[in-house]
Every structure is written in structure tokens, then in C-alpha cells.
Amino acid sequence: MADEHTTSERAAGGRDEPPAIGGWRPPGRVFNGSGTFDALAALAVFGDALLERFPFDVYVSKTITREPRAGNPPPRIAETAAGMVNSIGLPNKGLARFLAEDLPRLGELPVPVCVSVMGHSGDELAALVAAVGEREEVAAIELNISCPNVESGLVIGQDPGETARAVARVRVLTTKPLVVKLTPTASDQAAVARAAEDAGADALSLVNTFPGTVFARGRPLLARGHGGLSGPAIKPLALAQVRTVAAAVRIPVIGMGGISAVADAEDFLAAGASYVAVGTANFRDPLAALPIREALRAM
């Protein structure tokens, strides 16, 4: 169960301050979902105005792999009545170019940076965490073992033993706070969560997208045939999983899945999350998280 906060940890507005993640205390409760907000592209469009009204308390990078990835073939995004299905497949520059080109610029953002990484093996994860953990621009590392569009992520994240081995392998390589992003498709979510915690995770992040597909004219619309469903449609499922995991572990939980308004964020906090992340709503409005961030800071 989550630890009770002392009186000295009370926020001015009456709500408990969220617990630290490892030895790190984020400046607020609102993260972005990895891959849902390209800060560098947004800066190119909005310039300094974005820095003055940055919508998150912590910025989470898109997930980085050791080698460059083109991602899955298009079409790879389809809207649904209450969200979207994507099979984007983690396109990114690869570790070397990310560290050389993107991370120095992300380090200039007005909020801490959490870098998300994913590997196809223990060796890849180790190389990614070791390299990212050396950089001063990085406040925390997200270990993504949850992507529905890259099979190896699900293999690790669905099994408590595999999860424990992956987390233990990288835990000794960095002193940076380690956030483990769980897959929503594990048969025993609580067991996976406890395995990650016991192996050294400082926080857990959930949920990622749920498997789904979209048809058009009698055929799957996405080139890959299927992808991950996100948006308001998954909120009740996400709340149930966050509640289960938060009750099973003592480390902080970052809850997400269909958050687009302050009331949604409050539901996740009521379910046991210490922090929240906004994802799909960012595609509709790059500043969708701003009123959520401001409201939670005022409470």
C-alpha cells in the first residue's frame, strides 16, 4: 500500500504532495505520455511562447531504441469514435543521434526530462540505460516494456520473471530514478508490478494502449492490421488497472489513459495514482495538459 504522508508533506491547498520517485521529487504531478508530444517540433512552431506556458511538469521523450527505427508502414493512425488506434512502431533516430542532437535541446526545456528507452534484449536495455543515465540533462529514465507495436516489449512486460530480470539488469547501471512502464495486457498486473518494484523500480507508469483495430470498406485500415487503442474509450479500463497496481505496491504510480480534463486527472489520483500523464489529448491540442497542470498545482 502507498505510504501515508506526514503533516509536513501537505500541499498548501490541502492535497498531499506526491511522494518522491527514488530520490527525485518532480515539480508537479503532470507528465506527458511518451511519444504523444514532440517538444522540439512544438518549439519550432510556437517558439518561446511554448516555454512560457509549457503544459507539463515533466517532459517524457519519445521512446528511444539503440538503433534507428523507421517505425511501421503507413497508414498507422486511425481515429475512432472515442480515441484513436495507432501502430506507429517507435520511429526514432537511435541512441547515438538522440544523445548528440536531441537531448542537449531537450535539456533546455523549463522542466525536468525523463528519457524513455526500449530494447529487444537485456544487452540492449543495458546499453541504453547506461548511456542515458550518464547525461546530466536526464532527471529520470522510463523503461518501456509495454509497447503493443513492438513484440519484444510485450514479452518482457507480460511476465513477472522477465520483468524482474530486465529491471534488475539495468538497476545497477544508473543512480537515476527508474520508471517502469507496464503493459495493460499482462494476465496478472499486480504480480508484474510487484516484480518490477522488488527488482528496483522507483515508480510504475500505466496504462499504455490496448490492442485494437479499425476497419474501412471491409478491410483493416492500418497497414499492420492492428495497433493500440488510446483516448477516452480506455479510461475505465485504465482506472481499474491503476487502482489494482497502486494497491499492490508501495512505490508511486503514474496513471494515464483517456485523461483530457481536470476531472479525469482527479479520477486517477482517487484511484491511487500519485502522478498523471496526458497522451492522446495532445494530438488534438498541444496545450491540452496546461489547465490540468495549473489546476492540480492550485489544489
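The values are calculated or read from the model by the stated rules, or taken from the named source; none is laboratory data. Since the structure is predicted, the reported quantities are computational estimates derived from the model, not experimental observations. Note: ideal-geometry Cβ built from the backbone for every residue, glycine included; neighbour counts use all protein chains shown.
Quick notes on this one:
- Only one entry in R105, R165 is surrounded by fewer than 24 Cβ atoms within 10 Å (Cβ to Cβ), part of a helix (DSSP H, G or I), modelled with pLDDT of 95 or more and of a type outside the set (A, V, I, L, M, F, W, C), namely R105.
- Taking the listed residues D38, D3, the one that is at pLDDT below 95 and within 26 Å of G257 (Cβ to Cβ) is D3, with no other qualifying.
- Single condition V155 does not satisfy, out of (1) surrounded by 20 or more Cβ atoms within 10 Å (Cβ to Cβ); (2) among the β-branched types (V, I, T); (3) modelled with pLDDT under 95; (4) in a helix (DSSP H, G or I): (1)
- Per the listing A199, A263, A233, the residue uniquely closer than 24 Å to N86 by Cα, over 17 Å from the mean Cα position of the chain (by Cα) and surrounded by fewer than 21 Cβ atoms within 10 Å (Cβ to Cβ) is A233.
- Residue check for A139: out of contact with any Lys or Arg (no Cβ under 8 Å at 6 or more places or on another chain), among the hydrophobic types (A, V, I, L, M, F, W, C) and not in a loop (DSSP other than H, G, I, E, B): no
- Test: residue in the stretch 44-64 that is in a strand (DSSP E or B), out of contact with any Cys (no Cβ under 8 Å at 6 or more places or on another chain) and in contact (Cβ under 8 Å) with a residue 12 or more places away in the chain: yes
- Among the residues of the stretch 211-227, those that are assigned to a strand (DSSP E or B) and either at positive phi or surrounded by fewer than 21 Cβ atoms within 10 Å (Cβ to Cβ) (or both) comprise P211, F215, A216, R219, P220.
- Just one of the numbered conditions (1) β-branched (V, I, T); (2) buried (at least 21 other Cβ atoms within 10 Å of the Cβ); (3) within 25 Å of D198 (Cα to Cα) is not true of T244: (2).
- Among the conditions (1) in a helix (DSSP H, G or I); (2) within 13 Å of the chain's Cα centre (by Cα); (3) of a type outside the set (S, T, Y), R243 misses just one, which is (2).
Every residue, every condition in (1) touching a Ser or Thr at 6+ places or on another chain (Cβ under 6 Å); (2) more than 30 Å from F215 (Cβ to Cβ); (3) aliphatic (A, V, I, L, M), yes or no:
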| site | (1), (2), (3) |
| --- | --- |
| T80 | no, no, no |
| P91 | no, no, no |
| R97 | no, yes, no |
| D102 | no, yes, no |
| L106 | no, yes, yes |
| L109 | no, yes, yes |
| S121 | no, yes, no |
| V132 | no, yes, yes |
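- Search result, residues across the stretch 73-101 that are at positive phi and assigned to a strand (DSSP E or B): G83
- Of all residues in the stretch 19-77 being of a type in the set (D, E, K, R) and closer than 24 Å to I292 by Cα, the one that is farthest from the chain's Cα centre (by Cα): D48
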